[in-house]
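Asks: Handing you a structure now.
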Amino acid sequence: MRLRLVPEQTSYDFFRYRRITSAISVVAVVLSLVAWMVMGLNFGIDFSGGTSIRTESPNAVDVGAYRAALDPLALGDLRITEVFDPSFGESRNVAMIRLAAQEGQESVTGDTIAAVEAALQGLDPQVVLASVESVGPKVSGELVRTAFIAVAVAMALIMVYIWLRFEWQFAVGAVAALFHDVILAIGIFSVLQIRFDLATIAALLTIIGYSINDTVVIFDRLRENLRKFKTMPLVDVMNLSVNETLSRTLMTSGTTLLALIALLALGGDVIRGFVFAITWGIVVGTYSSLYVAKNIVLQLGVKRDWSKTGGEPGTQFGDDPA
Amino acid sequence: MLQIPIWKRVVIWGLVACGLLLAMPNLFYSRVETHNDAARVVESTGAETPELSADLGRWPSFLPSGLVNLGLDLRGGAHLLAEVQVADVYEDRMRGLWPDVRNALRAERDAVGPIRRVDGPAGELHVRIGNADGMDRAVAVVRDLSRPIVSLTGAGASDIEVRGEGDLLVVALSEAERQATDNRAIQQSLEIIRRRVDEVGTREPTIQRQGETRILIQVPGIGSAAELKALIGTTARLTFQPVVSRTTDPGASPGPGNVILPSLDEQGVFYVIEDRVVVSGEELTDAQPAFDQNGRPAVNFRFNPTGARKFGDYTAENIGSPFAIVLDDEVISAPTIQSHIPGGSGIITGRFTVEDSTQLAVLLRAGALPAELIFLEERTIGPELGQDSIEAGALACIVAFVAVLVFMGLSYGLFGLFANVALVMNVALIFGLLSLIGATLTLPGIAGIVLTIGMAVDANVLVFERIREELRTARGPARAIEQGYEKALSAILDANITTFLIAAILFTLGSGPVRGFAVTLGLGIITSVFTAIFVTRLIMVTWFDRARPKTIEV
């Protein structure tokens with residue numbers, strides 16, 4: 001008896017409600033953008049500069065007492081949060097302390113860290129600084145720029161690749177799906193105020209990679225079916241292609257999500273934000289390859305006669321490797 | 001129909017075997033690490049103690065011993081990004097040039113009149129001359145002080161630019177010289193930092209140039225970044241001392257008032273040196289690669305006025321005897337004094353290549369950091385936190401792995417099992433490749449592996465789903481398998497090429513942990529495509545040849 005996520009053969013009409021799915025996508029994108037504008041992002045030190053200190057202690061963390069101990073040091077804007085994680089247990093209490101970039105210095109000085117450590121140990125002798133990370137305003141500015149370039153270059157390259165391998169309508173659809181995914185990911189980061197740092201950018205790019213993977217597989221089948229069924233209406237060919245690849249789409253999303261959920265639950269709190277972003281992206285990415293990308297291709301229409309393109313762009317890799 | 005030539009089978013299994021062999025040392029991480037550390041010590045000292053032999057014996061030397069490097073976030077340690085304040089160097093150069101300019105202009109007093117140094121913008125030397133009509137002469141005289149630049153790109157250019165503005169003589173470094181100076185300042189800082197860090201003997205520090213004027217320093221196992229900063233800030237000690245004799249016996253008695261020091265670049269050579277400093281590195285203002293009058297590579301150096309006087313007196317009295325240039329109790333070189341050297345600048349000749357003279361100039365300047373270092377970024381990760389991350393990551397990997405194996409087995413039965421074998425090999429191959437290229441595994445890198453585990457089955461899923469479809473058209477199992485592979489290939493390649501593009505971008509633009517993620521993701525794509533279209537297929541075909549099933553169920 002085999003485990004089947006979907007029946008052997010399906011013929012769901014994915015495009016019957018395409019107005020509704022398009023509307024859902026648009027609303028989700030708009031809401032994400034609004035959240036981004038209104039609530040902003042919780043930038044990590046990579047992007048905003050400053051210092052982040054992780055403390056660990058067998059004794060319970062009292063945020064108020066920590067703040068009282070650190071206030072006399074006059075370090076400017078100071079944020080203290082306790083970190084909770086199911087894997088910590090009773091004897092492991094973790095807090096994150098965020099210091100703003102200090103006037104007139106790039107990365108934090110050893111003296112400042114020593115002062116913080118001394119102040120905290122006066123309060124709780126068993127506290128240790130598990131990690132100290134400090135990024136100067138100069139570097140953080142550059143990191144923001146590099147991150148932006150990375151995402152933009154990724155999108156551009158993918159657009160060109162899809163255009164070469166398929167047709168421009170596919171490229172537009174694929175990139176629109178990517179924008180959709182990235183904006184929705186940024187939206188959830190804004191709404192939940194998850195720390196947004198360099199690792200998050202890596203996560204966004206992974207989402208782009210996964211989503212495009214998904215989109216391309218369906219496009220590939222669509223191209224094949226367009227050649228096969230030259231007279232079938234476009235919407236029917238698309239429905240057929242999506243149905244034919246549905247089992248694969250869900251299988252791959254399923255295995256990837258299985259792996260990610262394991263990482264989310266067991267991978268520790270240090271990378272949880274990163275893993276969460278990817279997990280969310282897989283879910284959104286699967287949806288967008290089914291709907292956003294296809295809806296747009298459907299809207300733009302597509303060239304139906306593939307037979308004359310020969311060795312030009314829009315051909316399949318034909319040779320057999322083994 | 002389903003035939004794979006024997007040579008292809010051999011190549012495929014050969015590659016898999018290589019990958020497994022390369023990945024194996026990681027299963028015995030601490031053992032191999034002890035072995036590698038011991039091997040490094042033996043190689044650098046040449047001596048093998050029984051202890052080291054025992055450590056060496058912990059891993060057979062005929063097996064590969066490459067390991068996946070653990071990033072700072074996993075091992076714990078300190079990370080610093082320092083910016084070299086290269087503009088400081090321009091200032092120093094101008095300050096050092098002023099006495100020469102003054103002397104040269106004073107000799108032409110009749111033409112240029114009285115001279116006076118006035119304040120100018122940073123990095124420029126401004127001199128007001130009494131007689132503006134003599135400016136052409138003044139410019140020509142100062143220009144004579146310039147030296148040609150010895151570099152690959154700046155050939156033919158001179159190091160300073162001199163121009164007259166009314167009665168104001170302006171001297172500045174030329175653009176080519178600025179670039180050369182920047183480069184030298186960075187090289188020199190790298191060299192000094194490397195020596196400083198090596199001194200504490202931590203394992204595999206990373207010290208590399210980043211961008212134009214930055215240096216990245218990563219030292220695993222060090223307690224804190226503050227400690228590392230203190231270490232890098234310490235100035236190296238450079239001295240010029242009289243040489244008594246040269247020997248190959250490190251145990252020789254140097255005699256009263258002398259010390260015995262090893263040679264830096266000649267193995268087994270030692271110098272007996274008077275424990276008396278003639279001039280020290282603090283008094284050296286500059287050293288440059290150059291050529292002597294016979295066109296052989298040499299090194300020019302220059303002292304400040306006090307150093308120049310001491311050096312001049314000493315060389316006058318000791319023509320024909322060698323003196324040693326000592327850095328950190330090692331003799332860099334021991335040239336013979338050819339003539340009295342007045343004026344505080346001299347030339348070191350020897351059997352140098354251009355690289356040698358460049359390196360020696362770097363070493364000579366390496367006495368002190370050429371410019372201040374400003375730290376732009378620092379990260380300290382405690383070793384416990386790193387250990388926790390490794391454990392959490394490993395656990396997540398195993399659980400993810402098992403979950404995917406079970407899921408695939410349930411979904412595709414025997415074929416799922418084939419895919420699972422390929423998946424196990426896939427992970428082994430990733431580790432093999434990581435070890436081979438000496439890549440660094442970071443925490444996001446582990447996430448990359450977990451993600452790869454999830455996504456690696458994609459190619460197999462594509463093929464299996466395709467085979468299912470082909471089976472429905474009932475053209476026999478062999479034909480279905482063949483068609484399945486053929487038709488799925490286009491989608492597999494398109495999907496993976498786009499993802500690989502992403503990994504490449506991440507690698508190019510990312511730094512540190514993000515790069516670690518890009519590496520595992522990129523390698524994971526390569527290995528997963530390889531295992532899916534070659535390994536799984538080979539297993540499937542081999543099985544099919546043996547079993548000859550009439551029907552198959554995927």
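The values are calculated or read from the model by the stated rules, or taken from the named source; none is laboratory data. Just so you know, these numbers come straight off a predicted model, no measurement behind them. Neighbour counts run over all protein chains shown; Cβ positions are idealised from the backbone, glycine included. Remember, those area values only see protein heavy atoms, side chains included, never the ligands or the DNA or RNA. Shrake-Rupley method; radii C 1.70, N 1.55, O 1.52, S 1.80 Å.
Asks: Over segment B:85-184, what portion of Cα pair distances is larger than 21 Å, expressed as a whole percent?
Replies: Above the 21 Å cut-off, segment B:85-184 has 31 percent of its Cα pairs.
Asks: How big is the charge dipole of chain B about its Cα centre, in debye rounded to the nearest 20, if each Lys and Arg gets +1 on its Cβ and each Asp and Glu gets -1 on its Cβ?
Replies: About 1900 debye.
Asks: Oh, and also: Could you provide, to the nearest whole Å², the per residue accessible area of segment A:1-42 with probe 1.4 Å?
Replies: 75
Asks: Per residue of A:207-219, count partner chain C-beta atoms within 10 Å of its C-beta, then hand back the mean as an integer.
Replies: Taking the mean over all residues of the peptide, I get 6.
Asks: Please report the spacing between the Cα centers of segment B:256-276 and segment A:11-68 in Å, no decimals.
Replies: Computed from Cα coordinates, the inter-centre distance equals 64 Å.
Asks: Only Cα pairs under 8 Å and at least 6 apart count here; give the relative contact order of chain A as a rounded whole percent.
Replies: RCO, chain A: 25 percent.
Asks: Picking from A:17, A:66, A:291, which is most flexible by a Gaussian network model of chain A using Cα springs under 10 Å?
Replies: Among A:17, A:66, A:291, the largest mean-square fluctuation in the Gaussian network model of chain A belongs to A:17.
Asks: Over all pairs of distinct alpha carbons, what does the Kirkwood formula give as the hydrodynamic radius of segment B:9-162, in Å?
Replies: One over the average 1/r among Cα pairs gives 22.3 Å for segment B:9-162.
Asks: Separate question: Hey, any idea what Rg/Rh is for segment B:160-201, computing Rh the Kirkwood way over Cα pairs?
Replies: Taking Rh as the inverse mean 1/r over Cα pairs, Rg/Rh reads 1.37.
Asks: Taking every residue in A:276-282, how many Cβ atoms of other protein chains lie within 10 Å of its Cβ, on average?
Replies: 1
Asks: May I have the extent of the alpha carbons of segment B:449-514 along their three principal axes, as whole Å values ordered from largest to smallest?
Replies: For segment B:449-514, the Cα extents along the three principal axes come out at 52, 20, 13 Å.
Asks: Let me ask you something else. From Cα pairs below 8 angstrom and at least 6 apart in sequence, can you work out the relative contact order of chain B, rounded to a whole percent?
Replies: 17
Asks: Mind checking which of A:226, A:190, A:70 is farthest towards the positive end of chain A's charge dipole, using Cβ charges of +1 (Lys, Arg) and -1 (Asp, Glu) about the Cα centre?
Replies: Towards the positive end, the residue furthest out is A:226.
Asks: For segment A:110-226, just the Cα atoms, rotate onto the principal axes and tell me the three extents in Å, largest first.
Replies: The Cα atoms of segment A:110-226 stretch 73, 27, 21 Å along their principal axes.
Asks: Write down the accessible area per residue of segment B:27-72 in Å², having rolled a 1.4 Å probe over the full set of protein chains.
Replies: For segment B:27-72, the solvent-accessible area averages 60 Å² per residue.
Asks: Let me know the Kirkwood hydrodynamic radius for segment A:172-273, please, with Cα pairs as the basis and the value in Å to one decimal. Please list the in-between numbers first.
Replies: Values: mean 1/r = 0.0635 Å⁻¹.
Computed over segment A:172-273, the radius equals 15.7 Å.
Asks: Put +1 on the Cβ of every Lys and Arg and -1 on every Asp and Glu Cβ in the protein assembly as shown; which of B:268, B:529, A:261 then has its Cα farthest towards the positive end of the dipole?
Replies: Farthest towards the positive pole: B:529.
Asks: On average, how much area does the Cα convex hull of segment A:1-44 cover when viewed from any direction, in nm²? Intermediate values should be presented prior to the final figure.
Replies: Working: hull surface 25.3 nm².
The directionally averaged projection comes out at 6.3 nm².
Asks: Which one of B:79, B:174, B:126 is farthest out on the positive end of the charge dipole of chain B, using unit charges on Cβ (Lys, Arg +1; Asp, Glu -1) and the Cα centre as origin?
Replies: Farthest along the dipole direction, towards plus: B:79.
Asks: Across every pair of different alpha-carbon atoms, what Kirkwood hydrodynamic radius in Å does segment A:219-265 reach?
Replies: The Cα-based Kirkwood calculation yields 12.1 Å.
Asks: Here's something else I'd like to know. Give the dimensionless ratio obtained when the Cα radius of gyration of segment B:81-126 is divided by 2.2 N^0.38 Å.
Replies: Compared with the compact-globule rule of thumb, segment B:81-126 sits at 1.50.
Asks: Using the Kirkwood radius over Cα pairs, work out the Stokes-Einstein diffusion coefficient for segment B:388-440 at 4 °C and 1.567 mPa s, in µm²/s as a whole number.
Replies: D = 106 µm²/s.
Asks: With charges set only on the Cβ (+1 for Lys and Arg, -1 for Asp and Glu), what does the dipole of segment B:46-94 come to about its Cα centre, in debye to the nearest 20?
Replies: Computed charge dipole of segment B:46-94: roughly 300 debye.
Asks: Out of the total accessible area of segment B:396-517 (probe 1.4 Å, heavy atoms of protein only), what percent is carbon and sulfur?
Replies: Of the solvent-accessible surface of segment B:396-517, carbon and sulfur hold 75 percent.
Asks: Something else now. Give the longest segment of chain B that steers clear of trypsin sites (Lys or Arg not before Pro) in DSSP loops with at most 13 neighbouring Cβ atoms within 10 Å, not counting the sites themselves. List each step's numbers first, then the result.
Replies: Numbers: sites that count: B:276, B:351, B:475, B:550.
Formally, the longest exposed-site-free interval is B:1-275.
Asks: While we're on this one: What whole-number distance in Å separates the alpha-carbon centres of segment B:366-410 and segment A:201-227?
Replies: Going from one Cα centre to the other spans 30 Å.
Asks: Another question about this same structure. Just the Cα atoms of segment B:29-81, one point each, no solvent: what log10 I(q)/I(0) does Debye give at q = 0.15, 0.16 Å⁻¹?
Replies: These q points yield log10 I(q)/I(0) values of -0.51, -0.56.
Asks: Further question: Translational D (Stokes-Einstein, µm²/s) of segment B:472-554 at 10 °C and 1.306 mPa s when Rh comes from the Kirkwood sum over C-alpha pairs?
Replies: Here the translational diffusion coefficient equals 106 µm²/s.
Asks: Hey, another quick one. Could you give P(r) for chain B, binned at 10 Å from zero, as whole percent values over all Cα-Cα pairs?
Replies: Calculated P(r), rounded to whole percents: 3, 13, 18, 18, 15, 12, 9, 6, 3, 1, 0, 0.
Asks: Spin-label point model (7 Å from Cα, Cβ direction): what's the residue A:229 to residue B:507 distance in nm?
Replies: Modelled inter-label distance: 4.1 nm.
Asks: Give me the percent of accessible area attributable to carbon and sulfur for chain A, probe 1.4 angstrom.
Replies: So the carbon and sulfur contribution to the accessible surface is 64 percent.
Asks: Let me check against my output: what whole-number percent is the relative contact order of segment B:1-74, with C-alpha pairs under 8 Å and at least 6 apart? Show your work: numbers first, answer last.
Replies: Working: 40 pairs, mean separation 27.5, N = 74.
Across segment B:1-74, relative contact order equals 37 percent.
Asks: Can you tell me the equivalent ellipsoid semi-axes for the protein assembly as shown? Use √(5λ) from the Cα gyration tensor, largest first, whole Å.
Replies: Details: eigenvalues 745, 206, 182 Å².
Sorted largest first and rounded, they come to 61, 32, 30 Å.
Asks: Expressed as cubic angstrom per residue, what is the convex hull volume of the alpha carbon set of chain A?
Replies: Normalising the Cα hull of chain A by residue number yields 181 Å³.
Asks: When the chain is fully extended, how far beyond the present Cα-Cα distance does residue B:526 get from residue B:266, taking 0.36 nm per residue of separation?
Replies: 89.1 nm
Asks: Further question: How big is the charge dipole of segment A:60-198 about its Cα centre, in debye rounded to the nearest 20, if each Lys and Arg gets +1 on its Cβ and each Asp and Glu gets -1 on its Cβ? Working shown, then result.
Replies: On the way: 8 positive and 16 negative charges, 101 e Å.
The calculation lands at about 480 debye.
Asks: Interface A/B, total buried accessible area with a 1.4 Å probe, nearest 100 Å²?
Replies: In total, chains A and B hide about 6500 Å² from solvent.
Asks: Counting helices only, and only those DSSP H runs with n ≥ 4, report the 222 nm mean residue ellipticity of chain B as the sum of -39,500 (n - 2.57) divided by its residues, in deg cm²/dmol to the nearest 500. Don't jump to the answer; show the numbers that get you there.
Replies: Working: 16 runs with 287 residues, N = 554.
Mean residue ellipticity at 222 nm (helix-derived): -17500 deg cm²/dmol.
Asks: Take the alpha-carbon centre of segment B:284-317, take the same for segment B:441-467, and report the distance between them in whole Å.
Replies: For segment B:284-317 versus segment B:441-467, the Cα centre distance is 63 Å.
Asks: Are there any helices in chain A, counted as whole DSSP H runs, that stretch 24 Å or more along their axis by Cα and score at least 1.6 on average by Kyte-Doolittle, and if so which?
Replies: A:18-39, A:168-192
Asks: Calculate how large, on average over all directions, the projected area of the Cα convex hull of segment B:403-521 is; give the answer in nm² to one decimal.
Replies: On the way: hull surface 31.5 nm².
Mean projected area of the Cα convex hull: 7.9 nm².
Asks: Based only on Cα atoms, what mean projected area does the convex hull of segment A:99-162 have, in nm²? Could you put the intermediate results ahead of the total?
Replies: Numbers: hull surface 25.7 nm².
Mean shadow area of the hull around the Cα atoms is 6.4 nm².
Asks: Further question: For an R0 of 35 angstrom, estimate the FRET efficiency from the Cβ-Cβ distance between residue B:51 and residue A:92 and round to the nearest 0.05.
Replies: Details: r = 37 Å, r/R0 = 1.06.
Step by step, r from the Cβ atoms, then E = 0.40.
Asks: Subtracting the Cα-Cα distance from 0.36 nm times the residue separation, let me have the gained length for residue B:542 to residue B:27 in nm, one decimal. Write out the running numbers ahead of the final one.
Replies: Values: separation 515, 0.36 × 515 = 185.40 nm, distance 2.96 nm.
Stretched fully, the residue B:542-residue B:27 segment lengthens by 182.4 nm.
Asks: Test of understanding: express the Cα radius of gyration of segment B:52-102 as a ratio to 2.2 N^0.38 Å, with N the residue count. Could you put the intermediate results ahead of the total?
Replies: Working: Rg = 24.6 Å, N = 51, 2.2 N^0.38 = 9.8 Å.
For segment B:52-102, the normalised Cα radius of gyration comes out at 2.51.
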